[in-house]
Every structure is written in structure tokens, then in C-alpha cells.
Amino acid sequence: MALVLAPASVIAEEEPANTPGTLRAAIVDMQARYGERYPKAEVFLERLERPENQSGAGFETLQREALVASPAVGGQPILFAGRAQYHFEHHNTETMFQTGEIAAGYYRPGGALKSFDAVTGDVRVVFDPGSQGCVRDPDIRPDGRRIVFSMRRNKNDNYHIYEIAPDGSKLRQLTTAPGVFDIDPAYLPGGGIVFTSSREPKYCGCNRHIMGNLFGMEADGANIHQLGKSTLFEGHSAVMPDGRVLYDRWEYVDRNFGDAQGLWTMNPDGTNHAVFWGNHTSSPGGVIDARIIPGSGLCACIFTSCHDHPWGALAIIDRNRAVDGPSSVLRTWPQKAINLVDRAGIDGFKRINPKYEDPWPLSETSFLVSRQVTPGNEPMGIFLVDTFGNEILLHAETPGCFDPMPLGPRRTAASRPVARNYENGPGTFYVTDVRIGTHMEGVGKDEVRFLRVVESPEKRAWTKSAWGGQGQQAPAMNWHNFENKRILGTVPVEKDGSAYFEVPSDRFVFFQLLDKDGMMVQSMRSGTIIQSGEQQGCTGCHENRTESVPLSGGMPLAMRRQPSTLAGWHGGQRLFSYQREIQPIFDRHCVSCHDFGKAAGKVLNLAGDRTIVFNASYIDLWSLGYLSCIGGGPAQIQPARSWGSHRSKLAAVLREGHPDHGGVKLSGKELESILTWIDLNAPYYPTYESAYDGNTAGRSPLTVQEERELSGLTKTKFVVNHGPNQRAQVSFARPELSPCLGGLRKGSADYQKALAIIVNGAKRLEKTPRCDMDGFMPAETDGKRLEKYARRQEIEAANRRAIRDRRKVYDRDFCR
């Protein structure tokens, strides 16, 4: 293969491009690759030797003629979407601007489905929706006879999936569901279509934007059903030669929001979701638009930034070298972009110039790609690039050109059997040996005794105001990370390290390894799902996916029995609430000393009094360093026992029995509860829904104006974002003990005004409890979002019943 490699240990410099040498190499490559289908190779080489063709206009004319003569380029029209670049809004996934959502006003109309002839330059309109519409995301059926694409008719419409013949005839609409978007369709080997949709409404964990998951449907739009379940976004699907779907996923569990977008694969039925590349690479902030290069296992993709358009550097990766980091990056365009891999932060690829988008590999050596026509300016044209250093503009027009691909037949991918049953029952996971894998150094042979299964549910609501955690939590959920948690259960790990267990389908789950004391040894900081009836397994925890696996001594012990079932935690499966699960323990054993106004409370306040956002004990434990939790941690996998209960000061004190305070001794259940809470990354709120969606962090019973007035009266800054050495300043349970009042003279006018504000907040909480209290009810806006979610789940269930019953139902059957 004629790839130019740039090892990660070498700082890449820009190599000369568009020279006689690069053109000669390309001609020789095409001569060997296409043979008689590239008949003028010798003529081109002879012309290249002439002095007048060595530079300037002569060279440019010959270069274009020789490169376009490739059967992959000039042998058929090039399809593309003619439209403007998406308006920038928050993140590279936010391009849909769904009606009724936060960024709806950024929709840019104007965009048609077109094709051009690279030889003659002739352009043909396949379909134009009119000045208020927009076409995007085309894909061509392998037989070349149909084109599937996403289209929006106007700003009041949302993107839906359509299909059309290459000559512009036989247009039909495949999806029609109101109030959702459908984008990024791709033909599946069996004739179905995979696409991204907001049909399970969920929101960005670190902001407020609508997200999307992968869905599938039959060729005529029937029986739409969910394939992916990650908590944020799944998109840019492409079918691999072996029939799997390659897609980019944005999700995070206990990690930074900005570097949690890598490449994943799944089977067309939504089974066996697995990491492909980049899940633990800190930069680029996003790896998107991936396609397997024909004739190789290599992958072309775009290295982008977290907060940018969906563009960046064009890259080739070899995941057989590694599934993360620069050692598997073979080449980038621009070449210097390779120096930014794992070195530049979540938005480091913003500095790339020019920027690329929508690569389409033609062979191991040449690619179509959308690229800035003029570096630094937004309009995009269609370029032909190759690994030899040639890069030429094939077509450009206003306002821009995207999604280039040859308009003709291509090889059909392999079909894969269906491995799910659509019964909405459980699936089963197995682990051959939890001790096999990276980042398990120092873990003893028999140390891991249990495996805990934890669900990280999706965010179904958002608030205007945010908590300044690691990114914007809107509403506040935890001190530093974004997720709520639900323990589904704990299962045994056998003596040989194996585990075998059932997990409910359609849950986004992660696993934690526990020792004999129930303390976390290692935690999975990403998520997976299981489909109903699916069996999914792995060799170990964080196993090296590019190395051979040690031979076992036969059938793992866990697989010789029935799978373990999940019985929840302390009585059931429920969302974890700090106030319900943890605070009562401190109330029983600690608050008699560690309270407002007491000496021990000045060192560490463990009172449960609710404050502006959380409660007093939660703020002190986090901000004063009693917890060693990962929070919204780094992208890289962490060593075993590097955070959690094994490293936390609070856990050490409680396990010792707190001898300085008369030997405070917790019961086994109480100690296990606190250790579990720490190992879950010390969450606070159980739900994203809010009772006070317009107030600070969506949690404060005080209005913004009341907080300002209280701060002005008391000369106090309240805890409204994470950070060290902060203390609770307000007690709604006992307003007169609020530390913010300490600087005011009791009985003074300012004291009375300040106290009255806090008392009013306490009364509001009593009347309208927030979600760390009994009696909580979501605000009206959140209630409507939950109603929409429930309706969409009803439709999903009906579609699955139709699949089981071998019937067909369509979007139109659910319109009301």
C-alpha cells in the first residue's frame, strides 16, 4: 500500500504537495491498480517529462487531466449536497436545529442534491427542495439505483428521510414522525436503512441540546426501532465490508465531556456495540465521518474539535496498531495535524487550516473530500486528495459542497444474522477473566470477588441556569461529573476471574470490579448496552484489543452455570439519591458534632441542611478534599485503585472507626453504603428534572434577584460551581444558622432582610420540594418533555411488536 507514514515519535513537517514527483507516483499507482481501465498512463508520464509541464499552468492542466482520468473519479458522476455550512452552535453534533429546541433558530435553508461530471465540469440537479428547504447526508444503494438522504422542507419542518432515483424520479418520503429529526441514513446489507434520530428524546449532559441515537428501518420505512442507547449522540453511520456499522459516538461516564467522542461499531440489528478507535484519546475532541478504505482494514475519518463545526483534519488510522493514540495514526491532512493527536486538548483541531469534511475513500491511496476552498474561509468545495501529495479542487459552488461520492454501484457488504429477539427481555454478558487487561497492575489473583452493574440513565430535561461543574450541568447533578446512577445489581466473579450475568435490555450500563469488602478496584468509564436475547462477551476488563489473548484452561467457571441475575441494591433498583441513601447515616452518627455552630462542624460540616444547590455535607466532603473521586475525569483509562473508596480520606476514617471521636462505628450496611457512594463517583441528585428550572442551577428555591440581594446584604459568595475550600452559606432547614448571616448584627435591618429571604426560600421548598426531597414534582416544562418521552417509548414498543408479529407499521400509523 502506498501510504506515507508519519510515526508518532516523529514531529511531522509539511511535505511538498502537487509536484511532478507526487503526480508521477499517483500515475504509476493508478496504472498498476486499474490496468487497461487507465489506458493513458504512459502518455501522462511522457508528458510529465516535458519542461512546460513541470510547473505553472502546464503542470496544473496535466495533473487534473491525469487524476480525473482515474476510473474512480471520471468514470461516473460525483454526487454531492450543495448547501451552506451548518451554523455553529455549541458542538460538532449540533447540526439539526430541531423545532421546539434550544437551537431551532439557527437552521440555514437552501440546499439541493446534485451531481457533477469531473471530466466536463457539468452539474446536474437531482432534487431541489426549494429556497426554504435543505438536503443533507446522501447515501447510494449498493446497486446504484436509489439514493437515500435527509431533507427539511422549511424552518417549521424537521429533517426526515427520503429516497429518490439518480435521475430525480420516484421521490418518496420514508419517515414522517413529528417533533423529531432523522439524519445520516445509510443502506444496510439486507436492504434496511440505519439512521440517527431524536426518537428517544435526550439531551446533552453538559449543556441543553437535543441528541440522537441510531435507529433502523426496513427499506420502505416500516418498523422503525432503536439500535443504539448511548446517553448522548450516535451518528455518521457507514457500513463496513464485513457488514458491521461504523459510527461515531459521544457519551461519557465519569469523564470529561470534550474528549468523549470516538468511533464505535455495531451489528446492523443493534447488537455488539464495541469500541473501534479513539475512545480514550484526549485529542482530537471528536473523531467523526469514518469510512473503511476499500481493500484494507484502514479507516479514513475526520479529527475535529469538541466545540466546532463537524470538520477538521482528514486522517487515516490503522486500529490494528492501537485503538487509541498517535501510534495508530498513519497520515493526516494537513500533515502537521498529526502533531496534535493526544497533545492539543478538546478544541486543538480548531487551529487546523484548511479544514476537511465528509471523506469518501476511492482506494487505498485516493479520496474525495469536502474542503475549504480558501483556507480560513467557510465555503467548502470538493477535492481529490491522495497519499502521494496531490490535492486538487474538482468542483466548487456557492454556498458550499458536501458529502461527495461516486454516483454508481459499489460492492455489497456482507450480511450478518439477527442476534436479538425484540421481546424486551434481558440479554447476557460474560467476561472470561476480569484480570486480563490493561491498567490492572498490582491487582492480586483472587482480589476481585464481585462485579457491579450500574446504569447511567439519559438526560430527559434541562434548565436555563447551570451549575459550573466540569462543563455546564443544567441542571446541577453532582459536584464535578454529569451523570446520575442506578445500581442494577452485583454478581459474583468466579475463582478463574469469569463472570456471567443477565442485564435488562435497553439500559446504558457500565461495570465496576469489587474486592471482598465491596470496594471498587477498577471502573469502566464508558457504557455499553445489551439487546433482548443477545449474548455479548469480552475477554477481560480493558483488555488490549490488538494483542492475542492467553489461552484458557477450558470453559470459564461462570459459563458452566446459569447466568447470575441482578437484584438491585439494598432492596431494589433505583436512582441514587445522596439525601436518601447517605445523609441519614451522617445524621445518626456524625451531626451531633459535625454541625453548624459546633467546633467539629467548622472543620467538616456533615449536616443535611439543603443549600442553594446541594446540601452542607455534600459541599464540604467534595470541596475540602475528603473524597478522592474521578469527577469528570480525563479520557485515559485510570490505574486500578487510583480513585474511589480505596483512596478517599472519608473511607479511611470510617473504616478505622474514627477513634478521635470515641470510636464511632458504622454498621456493615452503613459503611458499605458510603463506600459504594464514593465508588459511584459521589453523585448527589437522582434525576435531571427540576422544580425550579429558572433559578440557579435549576435547584435553588431563591430567584436570581433574591440571591443577588442576599449576597449584597451579607457580602457573601454562594457556592454555584465546583472548586476547593468552599463552604455552605445557607441553611434552608434552619435559616437562622446560615453562615452567611454571621457577619451581620442580629436584629439589624440588614439581618432581618437577609433572614427573611432565606425563610421565604425554606417556605418555597416546603411547598414545592426539589428532587432531593420527598414529594418532588417536575416543573411544567419538564413534565411536557417527560410526556413526549413516554409517547415515543410507546411507539417504539409498538414497532417492536410489529417486528415480532411479522407485520408492518409506519410513522403515519402513529400520527395524532
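Using 7 Å Cα-to-Cβ label points, what is the Arg708/Arg108 separation (nm, one decimal)?
Result: 3.6 nm between the two label points.
Quick one: dipole size for segment 450-604, taken about the Cα centre, charges +1 on Lys/Arg Cβ and -1 on Asp/Glu Cβ, in debye to the nearest 20.
480 debye
For segment 598-632 and segment 365-391, what is the separation of their Cα centres, given in Å?
54 Å
Say the dipole of the chain comes from +1 at the beta carbon of Lys and Arg and -1 at that of Asp and Glu; which of Asn353, Cys740, Val493 then lies farthest toward its positive end?
Farthest towards the positive end: Cys740.
Whenever you get a sec, compute what percent of the accessible area on segment 435-493 sits on carbon and sulfur atoms (1.4 Å probe).
Percent of accessible area from carbon and sulfur atoms in segment 435-493: 49.
Charges only on Cβ, +1 for Lys and Arg, -1 for Asp and Glu: so what's the dipole of the chain about the Cα centre, in debye to the nearest 20?
Charge dipole, the chain, about its Cα centre: 1980 debye, nearest 20.
Hey, any idea what % of segment 737-802's accessible area is carbon plus sulfur with a 1.4 Å probe?
52 percent
What fraction, in whole percent, of alpha-carbon pairs in segment 15-127 exceed 21 Å separation?
That fraction is 57 percent.
Mind ranking Arg319, Arg124, Arg136 by accessible surface for me, highest first, 1.4 Å probe?
Ranked from most to least accessible, the order is Arg124, Arg319, Arg136.
Helix 749-767: angle to the longest alpha-carbon principal axis of the chain, degrees 0 to 90, nearest 10?
70 degrees
Please state the relative contact order of the chain as a whole percent: Cα pairs under 8 Å, 6+ residues apart?
12 percent
Return P(r) of the chain (all Cα-Cα pairs; 20 Å bins starting at 0; whole %; ordered from short to long distances).
For the chain, the binned pair fractions read 15, 44, 31, 9, 1 percent.
If ligands, DNA and RNA are left out, what is the accessible area of Phe576 with a 1.4 Å probe, given in Å² to the nearest 10?
Its heavy atoms expose roughly 10 Å² to the probe.
What does the highest-first list of 260-269, 218-227, 373-382 look like by mean Cβ count within 10 Å?
260-269, 218-227, 373-382
Evaluate E = 1/(1 + (r/R0)^6) for Asn156 and Tyr789, where r is the Cβ-Cβ distance and R0 equals 25 Å; express this FRET efficiency to the nearest 0.05.
Between Asn156 and Tyr789 the formula returns 0.65.
Which one of Ile436, Ala461, Ser415 has its Cα pushed farthest toward the positive end of the charge dipole of segment 408-491, where Lys and Arg give +1 and Asp and Glu give -1 at the Cβ?
Ser415
How about Lys202: which lysines have a C-alpha closer than 23 Å to its C-alpha, ignoring those fewer than 8 places off in the same chain?
Lys155, Lys229, Lys459, Lys464, Lys485, Lys784, Lys788
Output the antiparallel fraction of DSSP beta bridges having both residues in the chain, as a percent to the nearest 5.
95 percent
Would you tally the net charge around Ala66, using a Cβ to Cβ cut-off of less than 9 Å, leaving Ala66 out, and scoring K and R as +1, D and E as -1?
Neighbourhood net charge equals +2.
Cα axis of helix 704-714 to longest principal axis of the chain: angle in degrees, 0 to 90, nearest 10?
Value to nearest ten degrees: 50.
Treating the beta-carbon of each Lys and Arg as +1 and of each Asp and Glu as -1, no other charges, what is the dipole magnitude of segment 277-404 about its Cα centre, to the nearest 20 debye?
In total the dipole reaches around 360 debye.
Assuming 0.36 nm per residue, please report the length gained on full extension of the stretch Gln573 to Arg727 beyond their Cα-Cα distance.
52.2 nm
Semi-axes, largest first, in whole Å: what does sqrt of 5 times each Cα gyration tensor eigenvalue give for segment 290-347?
Semi-axes from the Cα gyration tensor: 19, 13, 10 Å.
Given the peptides 459-469, 283-293, arrange them by the average over their residues of other C-beta atoms within 10 Å, most packed first.
Highest-to-lowest ranking by the protection proxy: 283-293, 459-469.
Quick check: at a probe of 1.4 Å, how many percent of the accessible area of segment 144-219 sits on carbon and sulfur atoms?
Solvent-exposed carbon and sulfur of segment 144-219 make up 45 percent of the total.
Heavy atoms only, 1.4 Å probe, whole protein assembly: order Thr703, Thr175 by accessible area, highest first.
The most accessible residue leads, giving Thr703, Thr175.
Could you give the length gained by full extension between Thr438 and Arg351, i.e. 0.36 nm per residue of separation minus their alpha carbon distance, to one decimal place?
Gain on extension, Thr438 to Arg351, equals 28.0 nm.
Mind ordering 563-570, 179-186, 601-608 by average Cβ neighbours within 10 Å, highest first?
Answer by packing, highest mean first, reads 179-186, 601-608, 563-570.
For segment 327-408, take N as its residue count and report Rg(C-alpha) divided by 2.2 N^0.38 Å.
1.13
Binning every alpha carbon pair distance of segment 503-637 at 10 Å from zero, what are the percents per bin?
P(r) for segment 503-637, in whole percents per bin: 9, 26, 30, 19, 12, 5, 0.
Net charge near Pro359: determine it from the other residues with C-beta under 9 Å of the C-beta of Pro359, scoring Lys and Arg +1 and Asp and Glu -1.
-2
Quick one: accessible area per residue over the chain, 1.4 Å probe, rounded to a whole number of Å²?
Value for the chain: 37 Å² per residue.
Any chance you could check the Cα centroid distance between segment 415-490 and segment 737-785 for me, in angstrom?
Comparing the Cα centres of segment 415-490 and segment 737-785, I get a distance of 34 Å.
Between Val653 and Thr412, what is the spin-label point distance in nm, taking each point 7 Å from the Cα along the Cα→C-beta axis?
With each label placed 7 Å out from Cα toward Cβ, I get 6.8 nm.
If you take the charge dipole of segment 569-696 about its Cα centre, with +1 on Lys and Arg Cβ and -1 on Asp and Glu Cβ, which of Ser648, Pro686, Val613 is farthest toward its positive end?
Positive-most Cα among the choices belongs to Ser648.
Each residue of segment 86-96 in turn: what ³J(HN,Hα) in whole Hz from Karplus with 6.51, -1.76, 1.60 and θ = phi - 60°, glycine and Pro shown as x?
With the stated coefficients, segment 86-96 comes to 4, 4, 6, 8, 6, 8, 5, 7, 7, 10, 8 Hz.
The values are calculated or read from the model by the stated rules, or taken from the named source; none is laboratory data. Bear in mind that the values here come from a model prediction, so they are computed numbers and not experimental data. Quick reminder, even Gly has a Cβ in these numbers, built from the backbone with ideal geometry, and neighbours come from all protein chains shown. Accessible surface areas use protein heavy atoms only, side chains included; no ligands, DNA or RNA. Shrake-Rupley method; radii C 1.70, N 1.55, O 1.52, S 1.80 Å.
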